[in-house]
Structure formats: C-alpha cells, structure tokens
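Right, one structure below, let's go through it.
Every number in this text was worked out from the coordinates using simple rules, so none of it is lab data. Remember, it's a predicted structure, so these values are computed and weren't measured experimentally. Virtual Cβ from ideal backbone geometry, glycine too; neighbours counted across all protein chains shown.
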Amino acid sequence: MYTEDDISSAIEAGVLTKEAASAFRAHVAGLKSETAVDEEHFRLVTGFNDIFVVIACLLLLTSVAWIGSALVPWLGALAVSATAWFLAEFFTRKRRMALPAIVLLLVFVGSVLTSFVLLLGNSPQHLFFATAVAAAAAWLHWLRFHVPITVAAGVAAGASCVVALLIWAIPEAKNWTTAISLATGVVVFTLAITWDGTDTARETRRSDVAFWLHLLAAPLLVHPVFTLLGVFEGQTTYGQAAAVVALYVAIALISLCIDRRALMVSALIYVLYALSTLLKQYGVIGLSFAITAFVIGSALLLLSAYWHSSRVHLLRLLPPTVQSRLARTNEIL
C-alpha cells in the first residue's frame with residue numbers, strides 16, 4: 001500500500017516526476033469511478049504490525065505510568081511523556097508508522113498535561129499554565145515529527161488554555177459552556193478551512209492536518225447548536241424535529257461544499273435521537289430507533305453513492321472565487 005506521503009517522498013527523491021504522480025493518482029481514481037480528493041483519505045493503519053506496535057507501546061507506557069505513580073505521581077506522568085517521545089523517535093521519525101505515531105502523540109501531550117495538573121492542581125489558574133505547557137509540547141512535537149494530528153492536539157490544548165484563562169478572569173464564564181464551545185468550534189473550523197485551502201488537490205500532509213482539525217471542530221460546533229434547539233429536553237415537537245432535519249440538510253450541504261464528512265457524522269446522533277423520540281411520543285415505541293436509523297442510513301448511503309456528482313452540481317452554484325478555495329473537482333475547475 002502506497003500513501004500520499006510515500007508518493008511525495010518519491011517525487012522529492014526524483015524517483016517519480018510530478019506529472020507521473022498526478023497521472024498515477026488520476027488512474028487510481030478512475031478505477032474507483034471517483035475523484036481522488038472526494039475519497040477524503042487519511043493514513044491510519046498500513047498493516048497489522050501497526051496494531052501490534054501500538055499494543056506493545058501501550059503496555060510499556062502503562063508500566064512506566066504505574067511504576068512512576070507509585071513513587072511521585074506527577075513525575076510518573078512526566079516519565080510517560082519522555083518515554084512516548086523516545087518511542088516516537090523510532091516508530092514515527094524512522095519507521096513512519098501511522099497508528100503508533102498518532103497514539104504516541106496523544107500519549108505525549110496527554111501525559112505532559114497530566115503531569116502539570118498533578119503538580120500544580122486543577123484550579124483555573126493552574127489549568128491555564130498546564131494547558132499552555134501542553135500546547136507548547138504539541139508545538140515541539142510538530143517541529144520534530146510532523147504528525148498531522150499534532151496540530152489538532154495543539155489547537156485543542158491552546159483552546160483549553162484560553163478557556164481556563166477566561167474562567168480564571170471571569171468565574172461566571174464556567175456557565176457559558178454552550179457559547180464557549182460554539183465560539184471555539186467556529187475558530188477551529190475556520191482554521192481547518194484555511195489548511196484545506198492550501199492543498200485543494202488533497203495530495204500533501206496539509207490535507208491530513210485539515211482532516212483532524214475538522215474532526216475536532218465538528219463536535220464543538222454541532223453540540224451547542226443542537227443543544228440550543230432543545231434536542232435532549234425529553235420532548236420533541238414537530239417544530240423541533242423539522243428544525244433538526246433542516247439543520248442536518250444544511251450541514252450536509254456545507255459538508256459537500258468543503259468535501260468533509262466530519263460535521264455530518266457528529267450531527268448524526270442528534271438527528272437519530274430527535275426523530276426516534278418523536279416517533280415514541282406517537283406510539284411507535286419498540287421500533288422508533290430502528291425506523292429512524294433505516295431512513296437516515298438509507299439517505300446517507302444514497303448520498304455516499306452520489307457524493308461526487310452531487311458536489312459537482314452544488315459547486316456550480318458557487319462563485320469561481322469560492323470554488324478555487326475548495327477541494328478540486330475536475331468537472332468544475
């Protein structure tokens with residue numbers, strides 16, 4: 001299996017020309033009757049060895065955490081972060097293994113954050129310093145290893161740092177979770193769109209960075225919006241159900257435009273819950289969720305089958321300046 005990183009490396013080494021690489025991508029996309037960018041690729045597992053290495057790494061890291069916590073808890077967490085960095089030097093930097101790289105990054109940033117929380121405490125001012133250190137750790141990890149998910153991890157830590165600072169300065173802000181989540185989601189989503197705009201062909205690591213940012217932004221955006229609609233208040237009216245469906249259609253259109261599915265996946269549970277609750281209220285108790293899942297699942301499968309053609313028709317309605325900033329579609333651009 002060859003990844004986009006492998007192809008890019010071959011181009012840099014002079015093994016492949018850019019024209020040959022583009023022709024190869026077009027050939028593979030043609031075999032699948034799909035445009036390559038619409039596949040929304042991201043590298044996760046290249047073989048079972050990735051899973052084997054992750055299991056071994058987690059066993060080692062767990063033992064380090066266990067032994068360290070028996071001595072000094074915060075020092076044990078710091079030892080885990082050091083071990084994760086050491087393992088990344090081989091499995092991420094040298095072997096370039098995707099799944100171990102992701103797991104080791106998450107363990108590294110998470111253990112750095114944990115160590116400072118254990119050392120300082122979990123008050124807003126202490127969380128501010130702990131998350132700031134975690135964000136700095138993610139930045140250093142990015143400079144060294146360039147794992148795509150690192151940017152999302154760093155942004156998450158940075159956003160947490162800002163929230164902690166806000167609550168530190170204004171204690172009442174801890175009650176503003178919905179507004180804070182929505183504002184953070186908008187910022188992260190904008191950042192994801194910016195990264196996407198630098199690689200509209202979806203051929204470089206920047207596209208992978210954008211993927212993880214979209215994955216981070218989706219729940220931050222979706223949850224507060226559906227919460228404001230009162231989806232989880234126990235009763236669902238026809239008006240609420242219609243609003244939920246209309247919102248999901250809007251999310252689907254946005255997802256088609258930007259060629260990312262994370263928003264739709266994050267919003268799915270809210271649609272299923274709202275519609276199944278409505279059916280329960282009108283007597284369809286035993287099969288409410290099954291009927292809802294059947295209808296929504298069928299619609300999503302239909303959209304998946306015609307994703308590319310639907311996107312082509314939708315993009316034709318947008319101005320050329322907007323089209324140029326979105327993922328390429330050969331029939332349009």
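Structure data summary
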{"read-out": "Extension gain from residue 290 to residue 246, taking 0.36 nm per residue of separation minus the Cα-Cα distance", "value": "13.7 nm"}
{"read-out": "Ratio of Rg to Rh over the chain (Cα coordinates, Kirkwood Rh, two decimals)", "value": "1.00"}
{"read-out": "Of the DSSP H helices in the chain, those whose Cα atoms cover at least 24 Å axially and whose Kyte score averages -0.5 or more", "value": "48-71, 98-120, 124-145, 149-169, 177-197, 205-228, 238-258, 262-281, 288-305"}
{"read-out": "Sites residue 318 and residue 201, calculated FRET efficiency, Cβ-Cβ separation with R0 25 Å, nearest 0.05", "value": "0.85"}
{"read-out": "Listed residues 301, 224, 323: farthest to the positive end of the dipole of the range 222-333 (Cβ charges)", "value": "323"}
{"read-out": "Relative packing of 312-320, 198-206, which averages over residues the other C-beta atoms within 10 Å, highest first", "value": "198-206, 312-320"}
{"read-out": "Spacing of the two label points (7 Å from each Cα toward its C-beta) at residue 325 and residue 139, in nm", "value": "2.6"}
{"read-out": "Cα centroid of the range 166-191 to Cα centroid of the range 210-224, whole Å", "value": "14"}
{"read-out": "Over the chain, relative contact order from alpha-carbon pairs under 8 Å, at least 6 apart, %", "value": "14"}
{"read-out": "Segment residue 176-residue 82, extension gain: residue separation times 0.36 nm, minus the distance between their alpha carbons", "value": "30.3 nm"}
{"read-out": "Ranked by how many other beta carbons lie within 10 Å on average, peptides 226-232, 216-222, 297-303, 131-137 from highest", "value": "216-222, 131-137, 226-232, 297-303"}
{"read-out": "Relative packing of peptides 99-109, 260-270, 150-160 - highest average C-beta neighbours within 10 Å first", "value": "99-109, 150-160, 260-270"}
{"read-out": "Computed E for residue 89/residue 66 - FRET, C-beta separation, R0 22 angstrom, nearest 0.05", "value": "0.45"}
{"read-out": "Estimated [θ] at 222 nm from DSSP helical runs (n ≥ 4, -39500 (n - 2.57)) normalised by residues in the chain, nearest 500", "value": "-25000 deg cm²/dmol"}
{"read-out": "Enclosed volume per residue, in Å³, of the convex hull spanned by Cα atoms of the range 222-333", "value": "102"}
